[in-house]
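These notes concern the structure reproduced below.
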Amino acid sequence: MELYLSDKKGVPIQKDMIGLFFEDINYAADGGLYAEMIENRSFEFLDCYGTVGDYYTKHDPGYAWEPTQEYGQGRMEYVMGSPLDRANPHYLRFTVDYAGQGFANKAYDGLRLEQGKSYRVSFYARCVRYQGGLRVAAVKERVEYAAAEITCVSEEENAWHKWTRYEAVLTAKEDVRGARFVLSLTQPGVVEFDFISLMPEDAVAGVFRRDLFELLKGLHPGFLRFPGGCIIEGNTLENRYRWKESVGRPESRRNNFNRWAMHDTKQESGFHTCYSHYNQSLGLGYYEYFLLCELIGAQPLPVLNVGLACQYQSYELVEMDDPAFAEFVQDALDLVEFANGSSETKWGAVRAQMGHPAPFGMTMMGIGNEQWQTEKVDFFSRYQAFEQAIHAKYPEMRLIGSAGPDITSERYTAAWDFYKEAAPKKENFVYAVDEHYYVKPEWFYEHTDFYDAYPRNIKVFSGEYAAHPVNGMNRPDANTLGGALAEAAFLTGVERNADVVVLASYAPLFARVGYAQWSPDMIWFDDARAYGTPSYYVQKLYGENLGTVTLAMEGQEKALREQEIYANASFDEAAGEIIVKVVNHSARARDLSLRLAESYAPAGAVKLSRISGCEEDYNCITNPDVVTLQTAQEPFAGSLKLPAFSFTVARIPVRA
């Protein structure tokens, strides 16, 4: 087998082509990337029920909380009347008859503290009838692993009946997992509490769980699409993600239930699942998403609701002739102002007050998530309404359209017919069309030429894709090496057609072990650990090794494909390196001869990066390195050794 590395340039590759798609699914935000360790910190959680077209919630303010028992049980009441903030009107009224009585939070799987590390406690309290102190601690089996005493405001300060914010730092004496957060009173009395928080002091920017942040940064993503996904639409329009409710002070962000709390509900379970308390505190909101983009070097790509609830899960919509539809369009215009406006503008001032006076520099927006046209849903007209309003004020903004939920149905065909007809009539009508495909690995291998015949005048955003050898809830074993190799093979065709596909992102991004509604996923984690799957390494290798321009393959990929070899070549003009990406989908090792064009001369050691193993191999929380990235350097020998079931990237320095 031979691969001729031509000196004939192909098409430019967008440097930000390989990016990330963040959706708040599988406890990716609360309980995940958002470093908050307390569950239901503002006593507003909702218990969720329902099925398509019939959803409802029950207020469950005491979820994740319970009174301690060591000194008798205090009385916990969840009340309204004088809230800390009207957006979250409930709070805890705690009555103590004996010193030492308190209440505890289960904190997902329990608190995990590391010896010597510090964790910042904060909460609001109002001493209704109380003149004692407060004690916060991490407790497991009656052992305190960290504790701090807090002095309440004095009566002389005339603040007994006002909400006062308290802070303390807990420093762990030893490692512990499965501890409870306990807040207790040192004397009898009545105290009201709200917005109780525990954050690790090493949280990045005070927001992001450090190990998950580092995994994201290590991918060198070109962009981040956020915050979904189906949660943009919601199971109901009331449940949709409103970006304006996710900015400003965290205490003022209205708690919302998560659309994935009701995933796969069934009649036999009362249309209720083990994830029924999956809520959104919105502590990770639009400001934090923009900040995350800045910190990991990714372009922001927010997605907006177009007046439609999730078309899979609901029949709700706002008619375009309803005055309420204008709110959705205005949200899009105001978001540009929030991201890019000066601090003299209304929404730019909100961003500045949150700590970022400089604009974020947003250049792209998604119009709708996974929408499609039906007899009752006029998505195409909605897209046009958004496009006209946005481009009238911000003509350079690049808009992402939707091709629907798949790439095989009439919905997909109708969408492309719409864009093909409308785009030539107006400059910048659509920057790229968002395509989604969750398919078996075989489909990816069979369609590495999928974009070869696409029209060149309308671009594609491969916005959600993943190989599904198996799927289901809580299936880390779904992220096999075999699935990742299929994705890598497909991406050789995506890269070869970089003049068509300008953006691409795997989905979903995160899954918490034991909390996952959807599998497979790129990064898995629990309370203490996190790891990248084989798919993570495929994304990393593409993100770090795109090159600036493709090299002409001139049909070689078709001949190699017959031998279960999938390859593409590009050139990094700044580094002076040819980049070869090769998937060996064979059960035996192969040698691939590399013949350089006469104008090239080897100019140094070849840098090799590779993943390999058995097709059924997968990483898990207790064995995260079954499939891992291997790197090496060796002289150019005119060939590449390809282990069985492997993905290899070779960077070959040359003088041209």
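The values are calculated or read from the model by the stated rules, or taken from the named source; none is laboratory data. Note that this is a predicted model, so its numbers are computed, not measured. Positions of Cβ are backbone-derived with ideal geometry, glycine not excepted, and every protein chain shown enters the neighbour counts.
Please count how many residues of region 477-501 are crowded, with 22+ Cβ neighbours inside 10 Å and under 20 Å from V627 (Cα atoms).
13
Tell me which helices (runs of 4 or more DSSP H) are completely within region 368-460 and hold 2 or more residues being aliphatic (A, V, I, L, M), or say none if there are none.
Output list reads 379-393, 410-422.
Enumerate the pairs (first residue in region 57-82 and more than 15 Å from V191 (Cβ to Cβ); second residue anywhere and outside any strand (DSSP E or B) and acidic (D, E)) with beta-carbon separation below 6 Å, excluding pairs fewer than 6 apart on the same chain, so at least 6 apart or on different chains.
What qualifies is A64/E39.
If you go through region 217-244 one residue at a time, how many are within 27 Å of G404 (Cα to Cα) and in a helix (DSSP H, G or I)?
5
How many residues are of a type outside the set (A, V, I, L, M, F, W, C), surrounded by fewer than 20 Cβ atoms within 10 Å (Cβ to Cβ) and not in a loop (DSSP other than H, G, I, E, B) if we restrict to region 64-120?
The qualifying residues number 12.
Every residue, every condition in (1) modelled with pLDDT of 95 or more; (2) farther than 14 Å from L640 by Cα; (3) surrounded by fewer than 17 Cβ atoms within 10 Å (Cβ to Cβ), yes or no:
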{"residue": "G576", "(1), (2), (3)": "yes, yes, yes"}
{"residue": "I579", "(1), (2), (3)": "yes, no, no"}
{"residue": "D591", "(1), (2), (3)": "yes, no, yes"}
{"residue": "E615", "(1), (2), (3)": "yes, yes, no"}
{"residue": "Y618", "(1), (2), (3)": "yes, yes, no"}
{"residue": "D625", "(1), (2), (3)": "yes, yes, yes"}
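Consider Q313 carefully, then state whether it is polar (S, T, N, Q), farther than 20 Å from L503 by Cβ, out of contact with any helix residue (DSSP H, G or I) (no Cβ under 6 Å at 6 or more places or on another chain) and not in a helix (DSSP H, G or I).
Criteria met by Q313.
Of all residues in region 298-310, which are among the aliphatic types (A, V, I, L, M) and part of a strand (DSSP E or B)?
L301, V303, L304, L308
Quick one: would you say Y166 is touching a strand residue (DSSP E or B) at 6+ places or on another chain (Cβ under 9 Å) and either part of a loop (DSSP other than H, G, I, E, B) or within 20 Å of V207 (Cα to Cα) (or both)?
yes
Taking A650, is it small (G, A, S), at pLDDT 95 or above and more than 21 Å from T533 (Cβ to Cβ)?
Considered against the rule, which asks whether it is small (G, A, S), at pLDDT 95 or above and more than 21 Å from T533 (Cβ to Cβ), A650 comes out as yes.
Can you work out which of the residues in region 127-140 that are at pLDDT below 95 and part of a strand (DSSP E or B) is surrounded by the most Cβ atoms within 10 Å (Cβ to Cβ)?
Among those that are at pLDDT below 95 and part of a strand (DSSP E or B), it is C127.
Where residues in region 397-442 are of a type in the set (D, E) and more than 26 Å from the chain's Cα centre (by Cα), which of them is surrounded by the fewest Cβ atoms within 10 Å (Cβ to Cβ)?
E427
Here's the yes/no breakdown for (1) assigned to a loop (DSSP other than H, G, I, E, B); (2) over 32 Å from the mean Cα position of the chain (by Cα); (3) under 24 Å from K558 (Cβ atoms):
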position	(1), (2), (3)
V580	no, no, yes
A587	yes, yes, yes
S609	no, no, no
E615	yes, no, yes
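Which residues, counting only those in region 621-651, are more than 22 Å from L485 (Cβ to Cβ) and either outside any loop (DSSP other than H, G, I, E, B) or in contact (Cβ under 8 Å) with a residue 60 or more places away in the chain (or both)?
Scanning region 621-651 gives I621, Q633, E634.
Look through region 11-30, keep the residues that are surrounded by fewer than 24 Cβ atoms within 10 Å (Cβ to Cβ) and over 22 Å from L304 (Cβ atoms), and return whichever of them is nearest to the chain's Cα centre (by Cα).
Checking each candidate, the answer is M17.
Being on the phi > 0 side of the Ramachandran plot and of a type in the set (G, A, S) is the filter; apply it to region 34-55 and report the residue that is modelled with the lowest pLDDT.
Within region 34-55, the match that is modelled with the lowest pLDDT is G53.
For region 273-297, how many residues meet the condition of being buried (at least 22 other Cβ atoms within 10 Å of the Cβ) and part of a loop (DSSP other than H, G, I, E, B)?
The qualifying residues number 6.
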